[in-house]
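First the structure, in the form of structure tokens, and then the observations on it.
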Amino acid sequence: MNRWILLTITLLFSSAALAVVETFEFDSEQQRKRYNVFIEELRCPKCQNQNLSGSNSPIAADLRRELYRMIQEGQSDDAIVDFMVSRYGEFVLYRPRLDENTIILWLAPVLFVLIGVGTALIVIYRHRKAAVGPASLSAEEQARLKALLDEEADD
Amino acid sequence: MARLKLFLPLLMFVLLAVIFWQVLQDEDYDPSALPSALLDRPVPAFELPALLSERLISERDLTGQVVLLNVWATWCPSCRVEHPFLNRLAQQGVAIVGLNYKDESDAARQWLQNLGNPYRFVIVDADGRLGLDLGVYGAPETYVIDARGVVRFKHVGVVDAALWQQKLQPLLAQLQQEQAGLAGSTP
């Protein structure tokens with residue numbers, strides 16, 4: 001008896017979902033896929049470290065509703081992105097578009113990698129030169145070495 | 001000469017320290033404030049009811065003079081904090097228009113009756129559509145709109161005396177001069 005009560009109570013405390021569940025009806029599977037991609041890639045303007053999919057804030061709910069409306073109306077991806085950006089700025093995209101403002105953002109990682117690799121190569125090259133240099137002998141020293149080795153071999 | 005290269009990390013540290021210090025010193029620094037995407041663009045078209053009268057308000061009602069557009073709601077505690085200051089500004093003659101954002105009109109009317117009404121008129125945005133078109137993401141927010149209905153400044157957060165003195169008052173004065181200049185030059 002106790003076990004059944006425990007089981008029932010446990011089942012009543014369902015685990016929390018990591019995403020907000022909204023029941024929007026879509027006309028096609030493709031529309032629902034587009035919606036899902038968008039809510040993952042749009043930032044909530046209020047809770048700025050969450051995307052629209054994970055945010056509980058009222059503005060996120062509003063934006064999800066607008067997104068649903070636009071997808072139902074058949075608007076293109078570009079039109080939807082323009083809608084969001086013209087109201088909340090480029091920051092609302094998790095994948096910002098490439099233009100004069102964001103080009104530094106996109107190129108900086110590449111630049112840093114190149115600088116890092118370049119520095120590493122320079123350091124290795126210098127180190128190798130330093131290691132090889134003093135080890136080579138002058139012509140006189142080589143003759144002495146040869147003489148010594150021949151002496152050794154004779155014994 | 002090679003010795004100087006040893007100081008490179010120190011130099012970089014000093015440079016970064018100076019930059020970070022500048023940012024920390026700035027009292028206005030708000031890392032989550034989104035710059036308005038509507039700067040220098042006109043207020044979007046809308047037609048919404050007024051809170052305190054029967055008429056319909058459109059974006060044309062926001063032209064003709066420089067106004068502060070204050071986004072507020074009864075569910076917003078910070079709005080209550082900034083309200084007394086808005087009352088003071090209104091008494092000094094500053095034109096403030098209210099945007100009642102996603103709120104209950106009855107509660108809003110009661111609120112204004114209890115706390116005073118600094119607004120020339122209040123727009124009722126019950127479903128938040130105008131707010132969404134303006135890029136509002138929370139209350140309170142205040143926009144400065146010039147005489148042609150163009151958004152010139154947006155502040156996210158409470159309007160207080162410091163903000164008024166440092167940013168809003170000079171901006172309003174400048175925009176009013178602009179408006180006077182334009183009015184004078186039209187034949």
_Anything in the range A:41-80 that is among the polar types (S, T, N, Q), away from every other protein chain (no Cβ under 14 Å), in contact (Cβ under 8 Å) with a residue 24 or more places away in the chain and loosely packed, with under 15 Cβ neighbours inside 10 Å? List them, or say none._
A:GLN72
*State yes or no: is B:LEU68 surrounded by 13 or more Cβ atoms within 10 Å (Cβ to Cβ), under 18 Å from B:LEU115 (Cα atoms) and either over 16 Å from the mean Cα position of the chain (by Cα) or more than 12 Å from chain A (Cβ to nearest Cβ) (or both)?*
no
*Would it be correct to say that A:ARG97 is of a type outside the set (Phe, Trp, Tyr), open to solvent by 80 Å² or more (accessible area, probe 1.4 Å) and away from chain B (no Cβ under 11 Å)?*
yes
_Suppose we filter the range B:90-107 for residues that are in contact with a strand residue (DSSP E or B) (Cβ under 9 Å, 6 or more places away or on another chain) and either under 20 Å from B:VAL43 (Cα atoms) or surrounded by fewer than 20 Cβ atoms within 10 Å (Cβ to Cβ) (or both); how many remain?_
11
*Matching entry among B:LEU69, B:LEU52 (being in contact with a helix residue (DSSP H, G or I) (Cβ under 8 Å, 6 or more places away or on another chain) and over 30 Å from A:LEU93 (Cα atoms))*: B:LEU52
*Go through the range B:105-153 and count every residue that is farther than 18 Å from B:ARG88 by Cβ, touching a residue at least 12 places away in the same chain (Cβ under 8 Å) and within 14 Å of chain A (Cβ to nearest Cβ).*
17
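Per-residue answers, yes or no, for (1) over 30 Å from A:ASP82 (Cα atoms); (2) touching an Asp or Glu at 6+ places or on another chain (Cβ under 6 Å); (3) hydrophobic (A, V, I, L, M, F, W, C):
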| residue | (1), (2), (3) |
| --- | --- |
| B:GLU27 | yes, no, no |
| B:GLU47 | no, no, no |
| B:LEU52 | yes, no, yes |
| B:ARG55 | yes, no, no |
| B:VAL66 | no, yes, yes |
| B:ASN70 | no, no, no |
| B:TRP75 | yes, no, yes |
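The values are calculated or read from the model by the stated rules, or taken from the named source; none is laboratory data. On a predicted model such as this, the values are computed, not experimentally measured, just so you know. When we count neighbours, we look across all protein chains shown, and the Cβ atoms used for this are built from the backbone with ideal geometry, even at glycine. For accessibility, only protein heavy atoms count, side chains too; no ligands or nucleic acids. Shrake-Rupley method; radii C 1.70, N 1.55, O 1.52, S 1.80 Å.
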